[in-house]
Each structure stands twice: as structure tokens, then as C-alpha cells.
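Chemist: Here's a structure for you.
The values are calculated or read from the model by the stated rules, or taken from the named source; none is laboratory data. Source: prediction; values computed, not measured. Note: ideal-geometry Cβ built from the backbone for every residue, glycine included; neighbour counts use all protein chains shown. Accessible surface is based on the protein model in full, side chains and every heavy atom, while ligands, DNA and RNA are left aside. Shrake-Rupley method; radii C 1.70, N 1.55, O 1.52, S 1.80 Å.
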Amino acid sequence: MHTRKFGKFDWNLSVIGYGMWGMAGWTGSDDKASNQALDKAVELGCNFFDTAWGYGAGKSEQILGNLLKRHTASKLYIATKIPPKEDIWPPRKDAGLQDIYPKQHITEFTEKSLKNLSVECIDLLQFHVWEDSWANQDEWQNEVLRLKQSGKVKAFGISTNRWEPENCIEALKTGLIDSVQTIYNIFDQSPEDKLLPYCQENGIAVIARVPFDEGSLTGKLNSDSRWPEGDFRNIYFCQENLQPTLERVEQLRQVVPEEMTMAEMTLRFIISNPAVTTVIPGMRSQVNVEANMAVGNTQGLDSDLITQLRDHRWDRVPTSWSC
């Protein structure tokens, strides 16, 4: 498993990490299967696990805490996120910092996450949503400093809103943010415009999330794809989005090399960018873990293929179903 340095920290993260939303926030999750998949990931060299209090109201954090207990001999890096006080994703554009991240809310959910994870210190704590209009406000800045100085948090990050990768750059300029988690894949290439170059120039780690566009970039969806009631994918792949997505996937299928799956090509596209520290596919089965972790032992794509994939960029704007 190849590793990359986490920003300015002396942490070597596996280039393929683990996104844990599906273990508590999606239908069909099974704790036994989840634990087996997580154990397999550790066995194959994965050492970065990303969760959030919002993934099952702390359940995903508890699953990660149990993983840490089972693998005390391995150095595993853990990341979680503070949910917005208002349960609106992304936050209202007119929402103030006091509406979403007042000081007491940051403190409360830091303590909840520490308890769920069964740790005394969180490696990386992230704001789960963000608006850059809050960037220069003292309250969040002082709380970030306090949590770091208290020893409860080592690094602080921002998870950007979907399709708003630049809506964090002012916060990065404060010097208090150590990492950015953003959606980056073959369709969503816009982070390359400003965010990724800024992070690379300033020693800020980049966590690439949603590498498979919620599943479409595995090449396995079709026009009849449906999920159980309550599954986020029913919202995301509404008719307005599903059909255009399938059309683009079919176009993309024409350039997938014979020796690769579309999923492998997608992951290798992401790690081809040196600004990316780690990519965090969601996985719930050992089969998917084995396939995705194997990519961590490969190199990026050749330049000719990357040039072809530039034509598949799909610039989108947030809408009612994108969350």
C-alpha cells in the first residue's frame, strides 16, 4: 500500500482510505459484515478511516472505536466530523455561524465523538458543512485553537459542501485548517481549478470523497436501479439525475482499458493527482475492500488516458436532490 504525507503532519496515510458513511447511514448495513470488511482493510494496509457523528447518530463512530480496540498493534488514523446544529445539508446560505457551529455545539459534539470512539484524542476533527462567510469569525477559530491546545484534537479540517470546492479557501487562509475533504472524481473535476493547487502550495492535506459518484462510476447502475426506502441514493439518483448520469457512464465506458474495471480507473484517476493525500471509497463487503485496496499498490493512470478523461468532466451546481 502506497502512502502519502498528511499535509504538514508527520503522518503517512494509506493512499486508499476508508469512508464509513455506508456502515450506519445507508440501508442494508450489517455490523458483522462491516467489521469483517474493516478488519480486511487493516490487513491490506489501510490506515485512515473517516466517519462522522452524523453517520447513524454516532453509530459509525462506535464501529470505528471497536476497530481500534481490535487492532491496538496497528497505527490507525481516525477522522470524524461535527454535524451542523441545524439539520440542513448544505447549510442555508443566509445561516450565520451561531446557527450552525456555535462554540458550545462544537464542544458538545467533540465530547460525544471522543466517547463514541473511545479515545482521548481525535487525529482529525472536521466541520461537516461549511460556508466561507464564517471564515474570519473569532468564535470557531478560538475553539479550534482551544481543542488543539487541550490535546483532544490533533488536526482540524473542513468537509466542503457538494459541488462547492472553493467554498472554504478563505478559511484555509487563516492557517487553522489542516485538511480539506472534497468530492473529486472523473465527473467532478472542478477541485482542480483552485482548491487542489492551493492545498498543494500551502501544505494542506486533501481527502477525496465520493470517488464513485455515489455508485455510478462503478458502472453497475441501470435505469431500474432502486434502493430501500430511506436510502440517500433514491434522492440522489432521482429521475432528473439518473438518466443523464447513465448516459455519461455509457460514454465513459468506451475509454475504460480492457485490463481495468471502471471502479479501478476511477480510483487511479484520483490518485494520479499528487495534491490528493488519500481517497475514501465507501465499502461494506470484503470483496469491495480487496478490489479497492489493491489500487493502493498501483500507480496513477498514464497521461494519454487522463487527457481522454478530461472530456468527461461534468460541472454541476447544488440542487434540491444533491444534499
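Chemist: Pairs please, first residue from the stretch 2-18 and closer than 20 Å to residue 201 by Cβ, second anywhere and among the charged types (D, E, K, R) and assigned to a strand (DSSP E or B), Cβ atoms under 8 Å, 6+ apart in sequence or on different chains.
Modeler: Every condition considered, the pairs that remain are 9/154; 11/5; 11/123; 13/4; 13/5.
Chemist: Another question, then. Restricting to the stretch 180-203, and then to whatever is crowded, with 22+ Cβ neighbours inside 10 Å and aromatic (Phe, Trp, Tyr), can you tell me which residue is nearest to residue 278 (Cα to Cα)?
Modeler: 184
Chemist: Can you tell me which residue among 88, 100 is at pLDDT 95 or above and farther than 27 Å from residue 16 by Cα?
Modeler: 100 is the lone residue from the list that is at pLDDT 95 or above and farther than 27 Å from residue 16 by Cα.
Chemist: Another question, then. Please give the helices (runs of 4 or more DSSP H) falling wholly within the stretch 75-178 in which 2 or more residues are over 29 Å from residue 316 (Cα atoms).
Modeler: 103-117, 138-150
Residues are listed down the side, and each one gets a yes or a no for (1) among the small types (Gly, Ala, Ser); (2) surrounded by fewer than 20 Cβ atoms within 10 Å (Cβ to Cβ); (3) under 16 Å from residue 281 (Cβ atoms):
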| residue | (1), (2), (3) |
| --- | --- |
| 205 | yes, no, no |
| 211 | no, no, yes |
| 215 | yes, yes, yes |
| 220 | no, yes, yes |
| 223 | yes, yes, no |
| 230 | yes, yes, no |
| 234 | no, yes, no |
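Chemist: Answer yes or no as to whether residue 274 is open to solvent by 10 Å² or more (accessible area, probe 1.4 Å), within 24 Å of residue 179 (Cβ to Cβ) and in contact with an Asp or Glu (Cβ under 7 Å, 6 or more places away or on another chain).
Modeler: no
Chemist: Can you find a residue in the stretch 300-313 that is within 15 Å of residue 208 (Cα to Cα), at pLDDT 95 or above, of a type in the set (Ser, Thr, Tyr) and out of contact with any strand residue (DSSP E or B) (no Cβ under 9 Å at 6 or more places or on another chain)?
Modeler: No, the stretch 300-313 contains no residue that is within 15 Å of residue 208 (Cα to Cα), at pLDDT 95 or above, of a type in the set (Ser, Thr, Tyr) and out of contact with any strand residue (DSSP E or B) (no Cβ under 9 Å at 6 or more places or on another chain).
Chemist: Oh, and also: In the stretch 222-244, what count of residues is obtained for those that are more than 23 Å from residue 89 (Cα to Cα) and in contact with an Asp or Glu (Cβ under 9 Å, 6 or more places away or on another chain)?
Modeler: 0
Chemist: Further, regarding this structure: Can you go through 106, 177, 88, 122 and tell me which one is hydrophobic (A, V, I, L, M, F, W, C) and open to solvent by 20 Å² or more (accessible area, probe 1.4 Å)?
Modeler: Only one candidate qualifies: 88.
Chemist: Next question, about the same structure. Enumerate the strands (runs of 3 or more DSSP E) found wholly within the stretch 1-70, keeping only those where 1 or more residues are crowded, with 21+ Cβ neighbours inside 10 Å, in contact with a Ser or Thr (Cβ under 7 Å, 6 or more places away or on another chain) and modelled with pLDDT of 95 or more.
Modeler: Passing ranges, in order: 12-14, 48-50.
Chemist: Within the set of pairs 6 or more residues apart or between chains, which connect a residue that is closer than 22 Å to residue 280 by Cα and in contact (Cβ under 8 Å) with a residue 24 or more places away in the chain inside the stretch 290-313 to a residue that is among the basic types (Lys, Arg) and part of a helix (DSSP H, G or I) with Cβ atoms less than 9 Å apart?
Modeler: 290/40; 293/40; 295/268; 298/268; 299/268; 300/268; 301/268; 312/248
Chemist: Within the stretch 265-289, how many residues turn out to be assigned to a helix (DSSP H, G or I) and in contact (Cβ under 8 Å) with a residue 24 or more places away in the chain?
Modeler: 10
Chemist: Also: Suppose we filter 114, 145 for residues that are surrounded by 17 or more Cβ atoms within 10 Å (Cβ to Cβ), modelled with pLDDT of 95 or more and hydrophobic (A, V, I, L, M, F, W, C); which single one remains?
Modeler: Only one candidate passes the filter, namely 114.
Chemist: I need the full set of residues from the stretch 244-264 which are without any contact (Cβ under 8 Å) to a residue 60 or more places away in the chain, part of a helix (DSSP H, G or I) and either hydroxyl-bearing (Ser, Thr, Tyr) or open to solvent by less than 40 Å² (accessible area, probe 1.4 Å) (or both), in order please.
Modeler: Scanning the stretch 244-264 gives 245, 246, 249, 262, 263.
Chemist: Now a separate question. Has the stretch 205-215 got at least one residue that is at pLDDT 95 or above, within 16 Å of the chain's Cα centre (by Cα) and of a type in the set (Gly, Ala, Ser)?
Modeler: yes
Chemist: Between residues in the stretch 142-159 that are over 10 Å from residue 125 (Cα atoms) and in contact (Cβ under 8 Å) with a residue 60 or more places away in the chain and residues that are open to solvent by 10 Å² or more (accessible area, probe 1.4 Å) and part of a helix (DSSP H, G or I), which pairs lie under 9 Å by C-beta distance while being six or more apart or on different chains?
Modeler: none
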